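Novice: Just passing along the structure, written as structure tokens.
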Amino acid sequence: MDSSFLQALAQAKPDPGGGAAAAHGAALGVALLEKVVRLEQRRQGSQERASFPWDDFLKRVRQVAEALLRLQQEDIQAYFNLAEAWRRGDPAILAAALEEAIGCPLRIMQQTQVAMALISQGGAKCKQHLLSDLLVACELQGAGFRGAHHIARANLLLMTRNPRRIVWADDLAHTLKAAEAVLQQVRTELLERQACR
């Protein structure tokens, strides 16, 4: 997550765009979670580590981070493919490109839910002074899934006269509702634990 992505994002060109930015934001949140896990690993002795498997937990966190970075690249490719499909004007190619331009942001939204579940688990076991970082991580997941939803909805509007449009709309609405509920739950858990001093 170096500054090269941010520099590319700021350029006057179509890609990377909002979907990749949403995945990047969510990946920033996962990086904060990884920081908390690494601090806990360094702090804990062998007996404390046995009570919560931070080493195994870190592997799961890294898997989510890698998935979000993959999705960031997939979104860039999906936008490129969509632009190319519009240029070619082939209805079948355009339909497939639209499916991917909606599916990729949907997968970003789904991955943020996995990330929030891990934030919840880490937040239940880490030291209280680290909870503020996890609250930031949680909010970044919220920005990630909401941003990805905006991109998916914009691409959905391009899908005219396609019977799958209603299926995608339902999937997006359901995923957004579920992600909002998870965000609220995890935020509440972290805030309640933070208040118990």
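Novice: Would you list, by chain and number, the aspartates and glutamates whose Cα falls below 12 Å from the Cα of residue 127, excluding same-chain residues fewer than 8 positions away?
Specialist: Residue 127 reaches 40.
Novice: Taking a threshold of 18 Å on the Cα-Cα distance, which of the pairs 59/125; 35/177; 35/125 fall above it? Mind showing how you got there, number by number?
Specialist: Numbers: 59/125 16 Å; 35/177 29 Å; 35/125 14 Å.
Too far apart for the 18 Å limit: 35/177.
Novice: Under the Karplus relation 6.51 cos²θ - 1.76 cosθ + 1.60, θ = phi - 60°, what is the ordered set of whole-Hz ³J(HN,Hα) values for region 165-176, x standing for Gly and Pro?
Specialist: Ordered by residue, 3J(HN,Hα) equals 4, 5, 5, 4, 4, 5, 4, 5, 5, 5, 5, 4 Hz.
Novice: On to the next question. For the pair residue 83 and residue 196, how long in nm is the line joining their label points, each one 7 Å along Cα→Cβ?
Specialist: Here the modelled spin labels are 5.1 nm apart.
Novice: With percent of Cα pairs over 24 Å apart in mind, check [x] 33; [y] 38; [z] 44 and report the label derived from this structure.
Specialist: So the calculated entry is the one marked [z].
Novice: Also, quick follow-up: Fewest Cβ neighbours within 10 Å first, please rank 112, 188, 175 accordingly.
Specialist: Numbers: 112 34, 188 10, 175 22.
Arranged by neighbour count, lowest to highest, 112, 188, 175 become 188, 175, 112.
Novice: A further question on this structure: Can you tell me the relative contact order of region 17-195? Whole percent, Cα pairs under 8 Å, sequence separation 6 or more.
Specialist: 33 percent
Taken together, the values in this text are just the output of simple stated rules run on the coordinates, not laboratory data. Computed from a predicted structure; not experimentally measured. FYI the Cβ positions are ideal-geometry reconstructions off the backbone, even for glycines, and counts take in every protein chain you see.
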